[in-house]
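Colleague: The following block contains the structure, expressed as C-alpha cells.
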Amino acid sequence: MQDKVEERSLVNVLNRLRKDGFKYDFKVSGDGRLCTLEDKSQFTPDQVRIVDFYRFEGESNPDDMSILYAIETTSGLRGTISNSYGPYADEKIDNFLKQVEDLGKNLDKKDK
C-alpha cells in the first residue's frame, strides 16, 4: 500500500502515472483542441476520456491549488494535463475538460 503522504506530492503522482503508461504531456491549443507537446497530435473532446484526477493544495497557501488529470485518447495515447484550481485556472483547459466530462455523463446515461 502506498504512503498517503507520497500521494500528496504532484511529482510522485506524475512519476507513478508515467510508470503506468501516461507518458504524454498535453495542452489545449488556441483553437480549443487537446494536443500533445511531443508530436502535436490533436483531439476533440469526444476523442478524450478522463481516467483519473488529483487535487493538490499548496502547503503554505490554500490559494495555491492545482489539479492533475490522467487522460486517454481514442487513439490510445495516455498522458497528463494540469491546471490551477479556482480563480487562477486556465479557462481553455477548464472548458475543454468540462466538455469531456459532459460527454462522459451523456454516455453513462445511454448505457442505463
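All of the numbers you see were taken from the coordinates with simple rules; none came from a lab. Remember, predicted model here, so these are calculated numbers, not experimental data. Here Cβ is always computed from backbone atoms with ideal geometry, including for glycine, and neighbour counts include all displayed protein chains.
Colleague: I need Lys23, Lys98, Lys92, Lys40 ordered by Cβ neighbour count within 10 Å, fewest first.
Modeller: Values: Lys23 14, Lys98 11, Lys92 17, Lys40 8.
Fewest-to-most ranking of Lys23, Lys98, Lys92, Lys40: Lys40, Lys98, Lys23, Lys92.
Colleague: In whole Hz, with x marking every Gly and Pro, tabulate ³J(HN,Hα) for the range 17-32 from phi via Karplus 6.51 cos²θ - 1.76 cosθ + 1.60, θ = phi - 60°.
Modeller: Per-residue couplings from phi come out as 5, 4, 5, 8, x, 8, 9, 8, 9, 10, 9, 9, 6, x, 8, x Hz.
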